[in-house]
Amino acid sequence: MGAILDALHRLQQIENELNTYRARENVLRRKAQQVERQIAKGQADFNAHRDAVTRCQMEIDSADLDIKSREESMNRHRQALNTAKSNKEYAAILTALNTEKADVSKCESRVLEHLARKDQLIAKSKEFDLERARFDERLKKCQAELDNYIQETRETFRRLESERNAAAAELPPSALATFDRVAAHLDGDAMAETIRVSARGEDHICSGCNMSVPLEHINRLKSRDEILECSSCGRILFISTVGARSA
């Protein structure tokens, strides 16, 4: 390889090491984020249950007011029975009284149903509290694991960042820009070695995507210090100087 491709290859090796550390950090960070999402969902469920408890209580209060109103009406009907002036009037008042009694009974049944539902919701809310405590503990452990990893790898990461900056400084701006563009598109995997398919032939493939590399590219890589990208995956191609390789 020429000076530019050799410098790019060194940069890629450093980038690979950095990506290894970044990948592990991202895994730990995603674990913590997953627990945070579970906590958020649990909180949303808890809020929904809390709102349902509130609605139950409102229904109970409304039914209690309805019962109270009907009981007052029933008392008036009872008093009216004593002053009824005819059998027809007495029968009409008695019918209204019995209707009020039936309505009160329905209201009382509705209150009992809402009370039972409210008790269920409150019991479920207590389960949310226990579950939230478990998730909080799990999140604490995940965050501690992430913080410990960042602390343990901080110096190594700084060293690699420094080495990457030094390697990047050796490159022409256009070459570095190409590397950064390809790396950003392919999660840091910007370079691919060309591999000879067989020892006897001149057919080569890209190690990044296993697609054929034109012989013209191979000849140019052998004779020039030139940046050539794979026409299939876009990686920067290079020919290894450490022995010949075959697929």
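The values are calculated or read from the model by the stated rules, or taken from the named source; none is laboratory data. Since the model is a prediction, treat every value here as computed from it, not as a measurement. Note that we place each Cβ from the backbone using ideal geometry, even for glycine, and neighbour counts take in every protein chain shown.
Please find, among Lys106, Lys118, the residue that is more than 23 Å from Asn19 (Cβ to Cβ) and either without any contact (Cβ under 8 Å) to a residue 12 or more places away in the chain or in contact with a strand residue (DSSP E or B) (Cβ under 7 Å, 6 or more places away or on another chain) (or both).
Lys106
Being hydroxyl-bearing (Ser, Thr, Tyr) and over 30 Å from Glu89 (Cα atoms) is the filter; apply it to the range 27-78 and report the residue that is farthest from the chain's Cα centre (by Cα).
Checked the range 27-78; the qualifying residue farthest from the chain's Cα centre (by Cα) is Ser62.
Of the residues in the range 1-57, how many are loosely packed, with under 13 Cβ neighbours inside 10 Å and touching a Ser or Thr at 6+ places or on another chain (Cβ under 6 Å)?
Matching residues across the range 1-57 total 0.
Within the range 120-141, is even one residue over 30 Å from Ala40 (Cα atoms) and either part of a helix (DSSP H, G or I) or at pLDDT below 95 (or both)?
No: zero hits.
Mind checking which pairs have a first residue in the range 142-170 that is touching a residue at least 12 places away in the same chain (Cβ under 8 Å) and within 26 Å of Gln34 (Cβ to Cβ) and a second that is surrounded by 12 or more Cβ atoms within 10 Å (Cβ to Cβ) and β-branched (Val, Ile, Thr), Cβ under 6 Å, 6 or more apart or different chains?
Cys142/Val35
Can you confirm whether the range 195-207 contains a residue that is surrounded by 12 or more Cβ atoms within 10 Å (Cβ to Cβ) and either under 31 Å from the mean Cα position of the chain (by Cα) or in the same structural domain as Glu25 (by TED's automatic domain parsing) (or both)? Don't jump to the end; show me each part of the working.
Taking the range 195-207 and keeping what is surrounded by 12 or more Cβ atoms within 10 Å (Cβ to Cβ), we get 195-197, 203-207.
Next, only the ones that are either under 31 Å from the mean Cα position of the chain (by Cα) or in the same structural domain as Glu25 (by TED's automatic domain parsing) (or both) stay: none.
No, the conditions are met nowhere in the range 195-207.
Taking the criterion of being buried (at least 16 other Cβ atoms within 10 Å of the Cβ), within 41 Å of the chain's Cα centre (by Cα), part of a helix (DSSP H, G or I) and in the same structural domain as Gln38 (by TED's automatic domain parsing), would at least one residue in the range 95-102 satisfy it?
Checked against the condition, which is being buried (at least 16 other Cβ atoms within 10 Å of the Cβ), within 41 Å of the chain's Cα centre (by Cα), part of a helix (DSSP H, G or I) and in the same structural domain as Gln38 (by TED's automatic domain parsing), the range 95-102 yields no hits at all.
Does Leu160 satisfy the condition of being in contact with a Cys (Cβ under 8 Å, 6 or more places away or on another chain) and either in the same structural domain as Arg22 (by TED's automatic domain parsing) or on the phi < 0 side of the Ramachandran plot (or both)? Spell out the reasoning first.
Details: in contact with a Cys (Cβ under 8 Å, 6 or more places away or on another chain): no; either in the same structural domain as Arg22 (by TED's automatic domain parsing) or on the phi < 0 side of the Ramachandran plot (or both): yes.
No.
How about the range 170-187: which of its residues are touching a helix residue (DSSP H, G or I) at 6+ places or on another chain (Cβ under 9 Å) and either surrounded by fewer than 15 Cβ atoms within 10 Å (Cβ to Cβ) or part of a helix (DSSP H, G or I) (or both)?
Selection gives Pro172, Ala175, Leu176, Thr178, Phe179, Asp180, Ala183, Asp187.
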